[in-house]
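Asks: First the structure, then my questions, so here it is.
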Amino acid sequence: MKFCVLTLFPDMIRQAAGTSILGRAASNGYIEVNTINIRDFSANKHNRVDDYPYGGGAGMVIEAEPVFRAVEAAKRKTGENAKVIYMTPQAKVLDQTKVEELAMEDGLILLCGHYEGIDDRVLQEVVDDYISIGDYVLTGGELGALVLMDAVSRFVPGVLSNDESSQFESLQDNLLEYPHYTRPEIWHDKKVDSVLLSGDHKKINAWRYEQSVIRTKERRPDLLKNSYNVKVVSFGSESCLETAQKYCGIISRYGTVMDYNRNKLIKQKKIFAKKDLVVFVCDSAEKLKEENLSEITFKMSGNNTPAFLIDISSEDGENTGRNEKIMGLFKEKGIELIRIYEINDPADEKILGETALDVRSVMNERAKRCRYE
Ligand code: ADE
């Protein structure tokens, strides 16, 4: 990942990005952090890039031309297709979904304003996206750019070691992280819960899930509204189950995998709740045929349960009619199949990751819509 920060204070970026995990990632070549001083593109002999605002008022405005030329230089360094992001409090606040989306880019150009801001005409021409890091006003965009680079870099392969890995983020499930403890077992008369010393991983996971929910209720009850119990249902071959397991790990920390390859499960009644999020994974075109699918969904029912289908049956061609039929079949069962992803190579983790990201962003959008309705 290549970052290029356009700023009047490049030292601020270089110092902070050269330290700790970002510094290590840059030394190891996993990320590149370049800075461009907007002042270097001043047409003025005193290197001034700001001027008084038309219409009067306090503060100065950064001129359009130096910013325009700095962006051109940044594109030459970072790639012509690199997205230009203007760091500003007048924008949507950065969240984990956005961070993961940005991590899929090859290069990002981060434009930092100062004073009263930048001449709006150049922003209209060069900026692809506007991002804020919180609903407060900073003295400039540099701290925002650093926050963004830090959060995005955690998702760049190689940046975090296995120990530091971000694979399981509880924010993924819209839950806060459970509490962590290390030695000694008793500190200031406070004893670590015995479950954590039991070595029973099933029990430990259940305990952690419960703690996450308790903590979220206490500290961020707003997140719980967007929280779902992820269920990944596999039907198809044995390798389908493996994909389902892998996918479940990508999309959720606490998700469960259900194996519908086993006839026993098909025969059991399965009721999905409103707060379930079901992802069906199927690698068999045969099973996706209407007559066979109704057998599979026969015992299933939901309560407007949101669902997605990952189709890895690798049947090329026009599936629109078929997909509509599949969606209709699920709808009759109270399961709202929102999207069907047709994937050729289930071993490609990047594609699976992109699918998971899309699922989460669709769910976040739905949650937002519900709040306004
Ligand atoms: N520049 C000034 N305030 C900011 C904020 N909250 N987020 C991003 N950039 C900013």
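Please treat every number below as a calculation from the coordinates, not as lab data. Worth saying up front: this structure is predicted, and the values here are computed from it rather than measured. No Cβ is skipped: glycine too gets one built from the backbone with ideal geometry, and neighbour counts run over all protein chains shown.
Asks: Take the chain, connect every pair of alpha-carbon atoms lying under 10 Å apart with a spring to form a Gaussian network, then pick out the residue of Thr305, Thr243, Thr182 with the largest mean-square fluctuation.
Replies: Thr182
Asks: Using 0.36 nm per residue, how much length does the chain from Asn44 to Lys77 gain when fully extended, once their Cα-Cα distance is taken away?
Replies: Numbers: separation 33, 0.36 × 33 = 11.88 nm, distance 2.42 nm.
So the extension gain works out to 9.5 nm.
Asks: Can you tell me the length gained on complete extension of the stretch Arg121 to Glu290, counting 0.36 nm per residue apart and subtracting the Cα distance? List each step's numbers first, then the result.
Replies: Working: separation 169, 0.36 × 169 = 60.84 nm, distance 5.47 nm.
That works out to 55.4 nm of additional length.
Asks: Between Lys267 and Thr139, what FRET efficiency comes out of the Förster formula 1/(1 + (r/R0)^6) with R0 = 51 Å and r the beta carbon distance, rounded to 0.05? Provide the component values of the computation, followed by the final result.
Replies: Details: r = 65 Å, r/R0 = 1.27.
Result of the calculation: an efficiency of 0.20.
Asks: Can I ask one more? Less than 13 Å from a label point 7 Å out along the Cα-to-Cβ axis of Ser161: which backbone N atoms in the range 15-58 qualify, by residue?
Replies: Once the point is set 7 Å along Cα→Cβ of Ser161, 21, 24-25 turn out to lie under 13 Å by backbone N, inside the range 15-58.
Asks: When only alpha-carbon atoms are used, what values of Rg and Dmax, in angstrom, describe the chain?
Replies: Gyration radius and largest Cα-Cα distance of the chain: 24.8, 81 Å.
Asks: For the chain, what is the calculated [θ] at 222 nm in deg cm²/dmol (nearest 500), taking -39500 (n - 2.57) for each run of four or more DSSP H residues and dividing by its residue count? Mind showing how you got there, number by number?
Replies: Numbers: 13 runs with 144 residues, N = 373.
Value at 222 nm, helices only, nearest 500: -11500 deg cm²/dmol.
Asks: Tell me, Kirkwood radius of the range 175-233 from alpha-carbon pair distances, in Å? Spell out each step's value before the answer.
Replies: Numbers: mean 1/r = 0.0763 Å⁻¹.
Its Kirkwood hydrodynamic radius stands at 13.1 Å.
Asks: Let me ask something else. Choose one answer from Tyr254, Tyr52, Tyr341: the residue with the largest mean-square fluctuation in a GNM of the chain with alpha-carbon springs under 10 Å.
Replies: Tyr52
Asks: Note down the net charge around Glu324, summing +1 for each Lys or Arg and -1 for each Asp or Glu among other residues with Cβ under 12 Å from its Cβ. Present the calculation step by step, with values, prior to reporting the outcome.
Replies: Values: positive: Arg322, Lys325, Lys331; negative: Glu290, Glu318.
Counting the neighbours of Glu324, the net charge comes to +1.
Asks: Starting from the 7 Å offset along Cα-to-Cβ, what nm value, one decimal, do you get for the label separation of Arg369 and Val93?
Replies: Rounded to a tenth, the inter-label distance reads 2.3 nm.
Asks: Can I ask one more? Compute the signed sum of charges (Lys and Arg +1, Asp and Glu -1) over the other residues within less than 11 Å, Cβ to Cβ, of Tyr178. Write down the numbers at each step before the final one.
Replies: Values: positive: Arg208, Arg215, Arg253; negative: Glu177, Asp193, Glu210.
Taking every Cβ under 11 Å from that of Tyr178, the sum is 0.
Asks: I've got another one for you. Quick one: net charge of Val281's neighbours, Cβ under 13 Å, K/R +1, D/E -1?
Replies: It works out to a net charge of -3.
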